[in-house]
Amino acid sequence: MLEVRNLTVKFAGLTAVDDLSFTVNQGEVFTLMGPNGAGKTTAFNAIGGFVRPTAGHVALRGQSMAGMSPAQVAALGIRRTFQNNGILREMSVLENVLTGLELSTRSSFWGCALGAPGSARAERDATRRAREMLGQMDIAGLADRPAGDLSFGQQRLVEIARAMVAGAELIMLDEPAVGLSPGERLHLGQVLRELTAKGMTVLLVEHVQDLVMAVSDQILVLNYGKKIAQCPPSEVRNNKDVLEVYLGHA
Ligand SMILES: Nc1ncnc2c1ncn2[C@@H]1O[C@H](COP(=O)(O)OP(=O)(O)OP(=O)(O)O)[C@@H](O)[C@H]1O
């Protein structure tokens, strides 16, 4: 579904991502791991259109994403969350999810203002879909609470609901387990597995081992921008190159 081929990103003298290739299949959780500075976020940024690759290319369902802006990448169906939490704290949970429908609700807003007949219905439909999505995340009861009152784990679910409502086919989650309790990590893992069972695809950057091991189909380990291993979780702990990177010995 997502093809990354020979992706290289250089910043001045530093090669942050070095000739990286991988394929993510629909319905799987594909995880990028690696020590600090390994190039995980830069790879995310290049896929999402936030950073222009120095070489290589990325394609979704065979369509090249070369030169696309983040908005164009999002319109293709790739949505991402950020390490520093993209929640609008003063807005309600429901309103946060509805910002995922920014473009269509903006048109319905003007439609409403001008009295267009279909627009109120479009807004009702959007609200219904947003509430349904919150229900799938088991947080429907929080819809009208200010998002800033929620725990980190609940906020992460709101971000995922927002991506889903926006029509994401592939969601990119950058360290979603930061600040989560063990119980919240477990719940997040269950939500991700439920979504992928329905055909959603997840590209994850994560350090937290219990989540990574529980949800990943494939783990790709980066070091100094280079792929050093790619395997299922059951094999990663015994991979000599991975042990070398994390423990300094094999
Ligand atoms: N905009 C930039 N300009 C210059 N160097 C950058 C820039 N962004 C990242 N780097 C460098 O590129 C390398 C890879 O950084 P990146 O943030 O992608 O790593 P990471 O694996 O996501 O690390 P972390 O786990 O700490 O988030 C690092 O050496 C970093 O300092």
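Here are the numbers for this structure:
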item	result
Residue, modelled with the lowest pLDDT, within segment 122-174, restricted to residues that are assigned to a loop (DSSP other than H, G, I, E, B), loosely packed, with under 15 Cβ neighbours inside 10 Å and not small (Gly, Ala, Ser)	Asp138
Residue match in segment 177-190 (condition: small (Gly, Ala, Ser) and part of a helix (DSSP H, G or I))	yes
Enumeration of residues in segment 23-57 that are of a type in the set (S, T, N, Q), more than 8 Å from the ligand (Cβ to nearest atom), surrounded by fewer than 22 Cβ atoms within 10 Å (Cβ to Cβ) and over 16 Å from Ile78 (Cβ atoms)	Thr54
Which numbered condition Lys226 fails, given (1) over 23 Å from Met1 (Cα atoms); (2) surrounded by 15 or more Cβ atoms within 10 Å (Cβ to Cβ)	(1)
Those strands (runs of 3 or more DSSP E) lying entirely in segment 11-70 with at least 3 residues over 17 Å from Thr81 (Cβ atoms) and in contact with a Ser or Thr (Cβ under 8 Å, 6 or more places away or on another chain)	14-24, 55-60
Any hit, segment 237-245, residues being surrounded by fewer than 21 Cβ atoms within 10 Å (Cβ to Cβ), within 16 Å of the ligand (Cβ to nearest atom) and either assigned to a strand (DSSP E or B) or of a type in the set (A, V, I, L, M, F, W, C) (or both)	yes
Which numbered condition Ala177 fails, given (1) more than 16 Å from the ligand (Cβ to nearest atom); (2) in contact with a Lys or Arg (Cβ under 7 Å, 6 or more places away or on another chain)	(1)
Any hit, segment 15-22, residues being within 13 Å of the ligand (Cβ to nearest atom) and under 30 Å from Gly148 (Cα atoms)	no
Subset of segment 71-83 [part of a helix (DSSP H, G or I) and in contact with a Leu (Cβ under 6 Å, 6 or more places away or on another chain)]	Leu76
Candidate set: segment 1-14, residues that are away from the ligand (no atom under 16 Å from the Cβ) and under 15 Å from Leu220 (Cα atoms); chosen: the one surrounded by the fewest Cβ atoms within 10 Å (Cβ to Cβ)	Asn6
Residue within segment 188-201 that is of a type in the set (A, V, I, L, M, F, W, C), farther than 26 Å from Gly34 by Cα and surrounded by fewer than 21 Cβ atoms within 10 Å (Cβ to Cβ) present	yes
Residue within segment 143-152 that is within 30 Å of Gly39 (Cβ to Cβ) and within 14 Å of the chain's Cα centre (by Cα) present	no
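The values are calculated or read from the model by the stated rules, or taken from the named source; none is laboratory data. Keep in mind it's a predicted model, so treat the numbers as computed, not measured. Positions of Cβ are backbone-derived with ideal geometry, glycine not excepted, and every protein chain shown enters the neighbour counts.
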